[in-house]
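The values are calculated or read from the model by the stated rules, or taken from the named source; none is laboratory data. Note that the coordinates shown come from a computational prediction; the quantities given were computed from them, not determined experimentally. Note that we place each Cβ from the backbone using ideal geometry, even for glycine, and neighbour counts take in every protein chain shown. Calculation scope for accessible area: heavy atoms of the full protein, side chains included, ligands and nucleic acids excluded. Shrake-Rupley method; radii C 1.70, N 1.55, O 1.52, S 1.80 Å.
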Amino acid sequence: MTLVPLPRPVIEPIVRTALEEDLGLAGDITSAVVIPSDHRSVVTAVARKPGVIAGLDCAALACALVDTGIVMTRHVEDGTPVMPGTGIATFEGPSRSLLTAERTALNFMGHLSGIASVTAGLVSAVSGTDAAIVCTRKTTPGLRAVEKYAVRAGGGMNHRYSLADAVLIKDNHIAIAGGIRPALERAKSATGHMVKIEIEVDTLEQLAEVLEIGVDAVLLDNMTPDMLREAVQMVAGRAITEASGGITPDTAAAVAASGVDLISLGWITHSAPTLDIGLDFVSTEARD
């Protein structure tokens, strides 16, 4: 699957907000008083832990928004596995500006690379099956576009980007609507031909009722691998099957072996550990 970069108009507001948060009302007062204005440096972003890289476009934009004089040279691209000590990118430019942009650039690279890394681990865990790893809407407010991009960088796929993408009828919808049948019938009568409908079920009895009515996809919530296997047999290709709820790296392979099409996990975006990436100074010199 080709990793398509996010358009600049999508990521720029996200990066600008991060810089505004960090710069405050007075900017980087430390660098301004400690570093001569004509001083220049070369620094390299280096992986401290193994992982998969994501967020280079965000880092590059953070530097460019601080100072167009910063030149970034990439040594790897997003989606690349790295080992400790791997040089990710080199930045050259005014020392004050490099120091001002440093934390925002590293925050994006570390956070998004962390998401890409755990996603890649899960993709590896289910290799040899037909199951795809997908994320959810459990994202950090304001960062959904880049976090979902990071999932793709790790080899995963995206679920809905927003509530407007598809109809996903969950347990509370069913309860408030008065049951599976009225919820599904209302959805089917009110949506256009381009809108997919998915419904969550907790039991095989609920699944049987859904299959009588018909649906595009079923979310099989918190089912054991044995239940999932039986559910897949019941569906028999009539709908996309998605397993969700409490799935970990240790259980993902067993879930995938049940034959489900998708495995969705919220924690890969909201709880992925940051990949440790540091910025090492290569050389500094004052401009003549």
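From the Kirkwood radius over Cα pairs of the chain, Stokes-Einstein at 20 °C and 1.002 mPa s returns a whole-number translational diffusion coefficient of 102 µm²/s.
Residues in the range 1-94 average 53 Å² of solvent-accessible surface per residue, probe 1.4 Å, ligands and nucleic acids excluded.
Rolling a 1.4 Å probe over the heavy atoms of the protein chains gives the range 147-288 an accessible area of 51 Å² per residue.
If r is the Cβ-Cβ distance from residue 73 to residue 165 and R0 is 30 Å, what FRET efficiency results, to the nearest 0.05?
Numbers: r = 37 Å, r/R0 = 1.24.
Step by step, r from the Cβ atoms, then E = 0.20.
Arrange the residues 126, 167 by how much accessible surface each exposes, largest first, with a 1.4 angstrom probe.
Details: 126 5, 167 35 Å².
Final ranking, largest accessible area leading: 167, 126.
Against the criterion of solvent-accessible heavy-atom surface with a 1.4 angstrom probe, 226, 22 sort, most first, into 226, 22.
Subtracting the Cα-Cα distance of residue 203 and residue 39 from their residue separation scaled by 0.36 nm leaves 52.5 nm.
For the chain, a simple Cβ point-charge model (Lys and Arg +1, Asp and Glu -1, everything else neutral) yields a dipole of about 300 debye relative to the Cα centre. With distances taken between every two different alpha-carbon atoms, the range 83-242 has a Kirkwood hydrodynamic radius of 18.6 Å. Mean residue ellipticity, 222 nm, helices only, the chain: the sum of -39500 (n - 2.57) across DSSP H runs of n ≥ 4, divided by residue count and rounded to 500, is -13000 deg cm²/dmol.
Less than 5 angstrom separates the built amide H of residue 169 from those of 198, 199, 200, all sequence-distant by 5 or more or on a different chain.
Please report the carbon-and-sulfur percent of the accessible area for the chain; probe 1.4 Å, protein heavy atoms only, DNA, RNA and ligands left out.
Working: 7720 of 14020 Å².
Answer for the chain is 55 percent, counting heavy atoms of protein chains only.
Ordered from largest to smallest accessible area (heavy atoms of protein chains, 1.4 Å probe), the residues 78, 250, 280 come out as 250, 280, 78. Using only Cα atoms, locate the centre of the range 88-142 and the centre of the range 193-224, then give the distance between them in Å, rounded to an integer. The range 88-142 and the range 193-224 have Cα centres separated by 33 Å. Test of understanding: in a Gaussian network model of the chain with alpha carbons linked when under 10 Å, which of 237, 192, 87 would top the mean-square fluctuation ranking? In this elastic network of the chain, the residue with the biggest mean-square fluctuation among 237, 192, 87 is 192. Just so you know, the averaged projected area of the alpha carbon convex hull for the range 42-135 sits at 6.2 nm². With the whole protein complex present, residue 170 retains an accessible surface near 80 Å², based on a 1.4 Å probe. Solvent-accessible surface (1.4 Å probe) assigned to residue 159 amounts to roughly 40 Å².
Evaluating 6.51 cos²θ - 1.76 cosθ + 1.60 at θ = phi - 60° for every residue in the range 136-144, the Karplus couplings come out as 10, 8, 7, 10, 5, x, x, 10, 4 Hz, glycine and proline recorded as x. Straight Cα distances below 15 angstrom link residue 49 to the aspartates and glutamates 276, 280, with same-chain residues fewer than 8 positions distant left out.
In the complete set of protein chains, residue-level accessible area for residue 97 is approximately 20 Å², probe 1.4 angstrom.
Projecting the Cα atoms of 58, 118, 46 onto the charge dipole of the range 46-139 (Cβ charges, centred on the Cα centre) puts 118 farthest toward the positive pole. Distance between the 7 Å Cα→Cβ label points at residue 226 and residue 3: 4.1 nm.
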